[in-house]
Amino acid sequence: MRRLLDLGCDLLDVPYGFLTEIDGDTQTIVAARGDHSLLQPGASCPLSEAYCRKTITRPELVTVQNATAEGWSDDVAYERFGLGCYVGAEITVEDDTYGTFCFAGPDSRTEPFSETERTFVELMARWTSYELEQQRATERLQRQNERLEEFASMVSHDLRSPLNVARGFLDLARDDGDPEQFDRIEHAHERIERIVSDVLYLAREGEEIGSTEPVDLADAARTSWDVVATESLDATLTVESGVGSVCGDPDRLYQLLENLFRNALEHGGNAVAVRVESTADGFAVEDDGPGIPADERDAVFERGFTTNEEGTGFGLYIVRNIAEAHGWTVSVTDGADGGARFEFAGVERGTDC
């Protein structure tokens, strides 16, 4: 980028060249050529006080040959930067405004910017747009590759154990036909199904939630509980009265609750008691299991963190992702009976979604 700015300054015979990034009403210098104190990398100002505000609102290239003669002398941008001449082009990345590619000087020019000079700036702006788009695509690809490597590691490691268990008990079942062996095989396959489900969710990570609608929290909790607590006859779910409805994507909300309930069963045992209740800013799910130590409460939401040798370490990570996709925050603290309590805040309630 510095080479482009050097080339542009030399060709246009101006001392300043700069690339900006625009975020809302803030303009930030990303790269620069020249010694102007306000046009250095990292410097920022309100867009409303910059020449570039007109660059991104006009369809054509913006040029200023003589700022005072062209009515800029009373403009806040002229007062701030003192630029007598200026030429700037908009930079777009994936059809959205990224910023501007500009050249300027403190003195006015004797001649207007020529067609050749204007074409040069436009071509350099397009080239910069292309490079920034390629950079974003490369970063996305790198993140996808890292995720694929993680999925491959997860599948090869976590699936191998339940597959070996199922294979071993299948051999025993063939020998003696003991129903207990078939139960263990079924358990191993359920474990495989859960791993596959988590991997499929994570493979779609980054997708926005679907359309939101009022979801009866009590119904969602009981439906989700029935999915995960089929073999835990002594485990109980209590939904406090008045939990009402929340605005959410029903499928994602069910998945969030299923992961929370499964986490409670894994750590609290088959007799764990789980309760769902409303809070001032959302809802909470708590259990009477062993709880989560204070020094692990931030880590439990990280990808791959688990203290259970049969866990994937993705359950609570998925919970946090679903919550954040809805615009909610989730935190963990002590439950009333010493277990874990997950609190969701910023939850829109009611029937108008």
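The values are calculated or read from the model by the stated rules, or taken from the named source; none is laboratory data. This is a predicted model, so every value here is computed, not measured. Cβ coordinates were reconstructed from backbone atoms using ideal geometry, including for glycine residues, and neighbour counts include every protein chain displayed. Note: accessible area is taken over every heavy atom of the protein model, side chains too, but ligands, DNA and RNA are not part of it. Shrake-Rupley method; radii C 1.70, N 1.55, O 1.52, S 1.80 Å.
Structure values in brief
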item	result
Max mean-square fluctuation residue, GNM over the chain, Cα-Cα springs under 10 Å, options Ile29, Ile192, Ile322	Ile29
Solitary cysteines of the chain, where the nearest other Cys Cβ is not under 4.7 Å	Cys9, Cys45, Cys52, Cys85, Cys102
Efficiency of FRET between Asp74 and Gln40 - r from beta-carbon atoms, R0 22 angstrom, step 0.05	0.25
Accessible-area value, Leu141, 1.4 Å probe, nucleic acids and ligands omitted, Å²	90
Dipole axis of the chain (+1 Lys, Arg; -1 Asp, Glu on Cβ), positive-most option in Trp328, Pro15, Phe283	Pro15
Assigned charges on the beta-carbon of Lys, Arg, Asp, Glu; the range 1-128 dipole about Cα centre (debye)	220
Computed FRET value (nearest 0.05) for Asp13 with Glu324, which takes r as the C-beta separation and R₀ as 56 Å	0.65
Coil-residue chymotrypsin sites (Phe, Trp or Tyr not before Pro) of the range 250-292, DSSP, other Cβ within 10 Å capped at 14	none
Loop GluC sites (Glu not before Pro), the range 73-152, which have at most 13 other Cβ atoms in a 10 Å radius of their Cβ (DSSP)	Glu94
Between helix 217-228 and the chain: long-axis angle, C-alpha atoms, 0 to 90°, nearest 10	60
Values of log10 I(q)/I(0), in the order q = 0.16 Å⁻¹, for the range 70-111 under a Debye, Cα-only, solvent-free model	-0.52
About the Cα centre, charge dipole magnitude for the chain (Lys/Arg +1, Asp/Glu -1 at Cβ), debye	1060
Helical mean residue ellipticity (222 nm; -39500 (n - 2.57) per DSSP H run of 4+; nearest 500) of the chain	-14000 deg cm²/dmol
Summed residue charge, Cβ within 11 Å of Gly282's Cβ, Lys/Arg positive, Asp/Glu negative	-3
Relative contact order (percent, whole number), the chain, Cα cutoff 8 Å, 6+ residue spacing	10
Protein-only accessible surface order, largest first, of Ser224, Ser73, Ser241 at 1.4 Å	Ser241, Ser73, Ser224
Degrees between helix 2-12 axis and first principal axis of the chain (Cα, 0 to 90, nearest 10)	20
Förster radius 35 Å - calculated FRET efficiency between Asn66 and Arg3 (Cβ-Cβ, nearest 0.05)	0.75
Cβ-based net charge around Glu213, under 12 Å, with every Lys or Arg adding one and every Asp or Glu removing one	-4
Cα extents of the range 5-150 along the three principal axes, largest first (Å)	61, 31, 29
List Thr68, Thr116, ordered by accessible area with a 1.4 Å probe, largest first	Thr116, Thr68
Kirkwood Rh, angstrom, the chain [1 / mean 1/r, Cα pairs]	25.0
Difference of contour (0.36 nm per residue) and Cα-Cα distance, Ser331 to Thr97	80.7 nm
